[in-house]
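Below you'll find the structure, written out as structure tokens, and then a few comments.
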Amino acid sequence: GIKGGVSVGATDELGNEAVEDRFHVKHLHATILHQLGLDPNKLSYFYSGLNQKLVGVEGAEPIQQIIA
């Protein structure tokens, strides 16, 4: 379900910093969970008295550009 050989976004001329289509690692996690058939924004676990989400409090959407 993931397109092979696809790059998303662009970096500056030195390759130090993303300048287009910047994604946080939580979006990568959301993409992996989505491909496994799980809803990344509803999946949570109980830790230290609170329900924690794997993709953070704000939630995250899968990276649609790499999904086949």
Can you find even one residue in the stretch 37-56 that is touching a residue at least 12 places away in the same chain (Cβ under 8 Å), in a helix (DSSP H, G or I), among the basic types (Lys, Arg) and surrounded by 11 or more Cβ atoms within 10 Å (Cβ to Cβ)? no
Filtering the stretch 40-54 down to residues that are modelled with pLDDT of 90 or more and within 12 Å of the chain's Cα centre (by Cα) yields Pro40, Asn41
Among Leu33, Leu28, the single one that is touching a Leu at 6+ places or on another chain (Cβ under 7 Å), modelled with pLDDT of 90 or more and surrounded by 14 or more Cβ atoms within 10 Å (Cβ to Cβ) is Leu33
Expected single match for free of Cβ contacts under 8 Å to residues at least 60 places away in the same chain, assigned to a strand (DSSP E or B) and not hydroxyl-bearing (Ser, Thr, Tyr) among Val19, Val8 is Val19
Practice prompt. Would you be able to say whether some residue in the stretch 22-36 is among the hydroxyl-bearing types (Ser, Thr, Tyr) and over 16 Å from the mean Cα position of the chain (by Cα)?
Written response: no
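The values are calculated or read from the model by the stated rules, or taken from the named source; none is laboratory data. Every value quoted in this text rests on a predicted model; they were computed, and no experiment measured them. Using ideal geometry, Cβ is built from the backbone for each residue, glycine included, and neighbour counts are taken over all protein chains shown.
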